[in-house]
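Encoded as structure tokens, the structure appears first; notes follow it.
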Amino acid sequence: MPGVIGDQAAFVRAVRVAGPGRELLPTPEPVDVVLADGRIVDIAPTGNLRPRGGAVVEGAGAWLVPGLWDHHVHVLQWALAAERVPLGDVATAHDAAVIMGLAPVVEGRRVGSGFRDGLWPDVPSLQILDAATGEVPTYLINADVHSVWLNSAAFRREGFAPVASGLLKEEDAFEISRRLNAVDPAHADAAVARMARAAASRGVVGIVDLDMTWNDEPWQRRVAGGFDTLRVSYGTYPQHLDRAIAEGLRTGDPVRGSTHGLVRVGPLKAITDGSLGTRTAACGHHYPGEPGNTGLLTIGPDELLDMMTRATAAGLECAIHAIGDVANAHALDAYARTGATGTIEHAQLVNHTDIPRFARLGVAASVQPEHALDDRDMTDTIWAEQSAQPYPLRALADSGVNLRFGSDAPVAPLDPWAAMASAVYRTRDGRDAWQPHQRVDIDTAIAASTAGGSTTPAEIAPGAVADLVIVGADPRTADERGLRAMPVLTTLLAGRVTHGA
């Protein structure tokens, strides 16, 4: 991938520090930062140090924060979303079907993504989609990826028995997504390369890739092809756990064939319940109008204990998807019994008594603040009868839980500034703040967007890795719109320019 990484910087001139580490500096005034061998080696008030050779990045009074991470990305699915029909603003099932009927046919099919049917006045059906799309196989992927709406031609193509709603959910939906994502490797890698450059343009230096596939192989291929735009930690799913153990994969090890160590083995990723939008998240109370439906646990307690025990023994951390309060309690119980380390992914509805258990067990909460605003209306209706706390960011932070922010892209766009804005202001599009008591402060939000998370953030200090972002405004004083539109001037990965000057 020639040309992705820019020059090696050796000196960053005249920047004000806005992120973790600023409290250790001798002055709030602009500083110069000396870099060498991928690390910060010195910081001093501007004019007190001289470049020692190498490129100089001019800060000109701009602001410096640590490099930003997105702790939950489905990399290939997000990269391919740009090639699919966007459905995020569609208001009815009828309109979605009509849009897909008019969409271009690519490789013999139509694919759309991002619809949210939880509050549609009508419901998806095979009949509606067939009437609009005819004999062209057509697929609509829910924004939460936990359901896919297919027409009859698509059911036949995939070998699934058609259902009246046209909706496949949970594992069947994941299988359809895996098939749709199985594009030519050259096509896939080019899309991922574009995604990585776009992420770097928003100050991102690292991601956790939780694509639902055997991720070791494509990342070996991408590294061999020159990928070096981002740090990557990639997950392994339960169906591949035996293979990962047999091949000796351990969390933190560089991907095989890597010389730069940017891409590393990540956690075991296990999905223990469904989602809010698909009304399959495992909850303590039923969904309105659906007596008996309290969601579902997709992995039983004994099975979860077994896989987490085996993963831990093999040196793999865990990343456990849990959205509903029952699923979160289930996951915390498994961490307590296995001694595993890692995260709960999403933690969207948590019993009040379970919130402090995260910190007691040392389990990080890998959360996506934009989801709170995407889902606010569904939460206020579909989860209206739940007694647990939805999207408890402040409650988790106040309990000492390590927050790690992400997007779950393509569920939300990969942009850490949007995540920070949603966490700090709990609003978007001019609406009143939603559950403002769960806001966090900007310092917590910045820290949660770095590699270590809110309790162990990356710092700007001598000896730290030179993953840095220069931005055009002080994020600590930016309003909600200012955070979302934060101008990213330069992104440095181990001192190398991946975006900007």
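The values are calculated or read from the model by the stated rules, or taken from the named source; none is laboratory data. Keep in mind the model is a prediction, meaning the values are calculated, not measured. Every residue, glycine as well, gets a Cβ built from its backbone with ideal geometry; the counts of neighbours run over all protein chains shown. To get the accessible areas, we keep the full protein, side chains included, count just its heavy atoms, and leave off ligands, DNA and RNA. Shrake-Rupley method; radii C 1.70, N 1.55, O 1.52, S 1.80 Å.
For residue 431 and residue 91 in the same chain, what is the full-extension length gain: residue separation times 0.36 nm, less their Cα-Cα distance, in nm?
Numbers: separation 340, 0.36 × 340 = 122.40 nm, distance 1.86 nm.
Going from the current span to full extension adds 120.5 nm.
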Problem set entry | DSSP-assigned coil residues among trypsin sites (Lys or Arg not before Pro) in the stretch 394-457, each with at most 14 further Cβ atoms within 10 Å | 431
Problem set entry | Over the chain, relative contact order from alpha-carbon pairs under 8 Å, at least 6 apart, % | 19 percent
Seminar exercise, completed: In whole angstrom, the spacing between the Cα centers of the stretch 106-166 and the stretch 270-307 equals 23 Å
Exercise. In square angstrom, rounded to the nearest 10, how much accessible surface does residue 122 have for a 1.4 Å probe?
Worked result: 40 Å²
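Subtract the Cα-Cα distance of residue 455 and residue 179 from 0.36 nm times their separation in residues, and report this length gain in nm to one decimal. Please list the in-between numbers first.
Details: separation 276, 0.36 × 276 = 99.36 nm, distance 3.87 nm.
Stretched out fully, the residue 455 to residue 179 stretch lengthens by 95.5 nm.
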For this session: Tell me which residues come under 5 Å, amide H to amide H, from residue 317 once H is placed; ignore anything under 5 positions away on its chain.
Result: 251, 268
Seminar exercise, completed: Rounded to whole angstrom, the alpha-carbon centroid of the stretch 338-403 lies from that of the stretch 55-105 at a distance of 24 Å
Seminar exercise, completed: Charge tally for neighbours of residue 385 with beta carbon under 13 Å away, counting Lys, Arg as +1 and Asp, Glu as -1, is -2
Exercise. Along the principal axes of its C-alpha atoms, what lengths does the stretch 297-346 span, in descending order and rounded to whole Å?
Worked result: 28, 20, 17
Exercise. Quick one: how many Å² of residue 29 are accessible to a 1.4 Å probe, rounded to 10?
Worked result: 100 Å²
For this session: Quick one: divide the alpha-carbon radius of gyration of the stretch 12-95 by 2.2 N^0.38 Å and tell me what you get.
Result: 1.75
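What net charge is computed for the residues neighbouring residue 425, neighbours being all others with C-beta under 10 Å from the C-beta of residue 425, Lys and Arg scored +1, Asp and Glu -1? Intermediate values should be presented prior to the final figure.
Values: positive: 426, 428, 439, 481, 484; negative: 479, 480.
Neighbour charge sum, excluding residue 425 itself: +3.
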Problem set entry | Computed [θ] at 222 nm, deg cm²/dmol, the chain (DSSP H ≥ 4; -39,500 (n - 2.57); rounded to nearest 500) | -8500 deg cm²/dmol
Exercise. Amide H neighbours of residue 232 under 5 Å, counting only residues 5+ apart in sequence or on other chains, H built in-plane at 1.01 Å?
Worked result: 207, 263, 264
For this session: Read phi for every residue in the stretch 126-134 and hand back ³J(HN,Hα) as whole Hz from Karplus 6.51 cos²θ - 1.76 cosθ + 1.60, θ = phi - 60°, with x for Gly and Pro.
Result: 4, 5, 4, 6, 4, 4, 8, 10, x
Exercise. To the nearest 0.05, what FRET efficiency results for residue 352 and residue 119 with a Förster distance of 25 Å applied to their C-beta separation?
Worked result: 0.40
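Does the stretch 443-489 come out rounded, prolate or oblate, given a ≥ b ≥ c as the square roots of the eigenvalues of its C-alpha gyration tensor, rounded meaning a/c under 1.5 and, failing that, prolate meaning a/b above b/c? Show your work: numbers first, answer last.
Details: a/c = 2.60, a/b = 1.52, b/c = 1.71.
It comes out oblate by the Cα gyration axes.
Among residues other than residue 261 whose Cβ falls under 15 Å from its Cβ, what is the net charge (Lys/Arg +1, Asp/Glu -1)? Don't skip to the end; give the middle numbers.
Details: positive: 39, 222, 231, 250, 256, 264, 496; negative: 37, 228, 253, 467.
Cβ neighbours under 15 Å give a net charge of +3.
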Seminar exercise, completed: Across 10 Å bins beginning at 0, the whole-percent shares of Cα-Cα pair distances in the stretch 363-501 come to 12, 40, 35, 11, 3, 0
Seminar exercise, completed: The ³J(HN,Hα) series, computed from each phi in the stretch 365-372 with the Karplus coefficients 6.51, -1.76 and 1.60 at θ = phi - 60°, rounded to the nearest Hz and given as x for glycine or proline, is 9, 8, 10, 10, x, 5, 4, 4
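Identify the trypsin sites (Lys or Arg not before Pro) of the stretch 1-102 meeting these criteria: DSSP loop state and at most 12 other C-beta atoms within 10 Å of the C-beta.
Numbers: sites: 13, 16, 22, 39, 52, 84; in loops: 52, 84.
Answer by residue number: 52.
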Exercise. Once you have the alpha carbon radius of gyration of the stretch 117-267, what is it after dividing by 2.2 N^0.38 Å, with N set to its residue count?
Worked result: 1.25
Exercise. Which whole-Hz ³J(HN,Hα) couplings does the stretch 249-259 yield from phi under the Karplus relation 6.51 cos²θ - 1.76 cosθ + 1.60, θ = phi - 60°, glycine and proline marked x?
Worked result: 6, 9, 4, x, 6, x, 4, 4, x, 7, 9
Seminar exercise, completed: Between the modelled labels at residue 52 and residue 501 (7 Å from Cα along Cα→Cβ) the distance in nm is 2.2 nm
Seminar exercise, completed: Between residue 11 and residues 5 or more places away or on another chain, the pairs with built amide H atoms under 5 Å apart involve 35, 57
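Only four residue types carry charge here, +1 at the Cβ of Lys and Arg and -1 at the Cβ of Asp and Glu. Report the dipole size of the chain about the Cα centre in Debye, rounded to the nearest 20. Let's see the in-between values first.
On the way: 42 positive and 60 negative charges, 237 e Å.
Roughly 1140 debye, rounded to the nearest 20.
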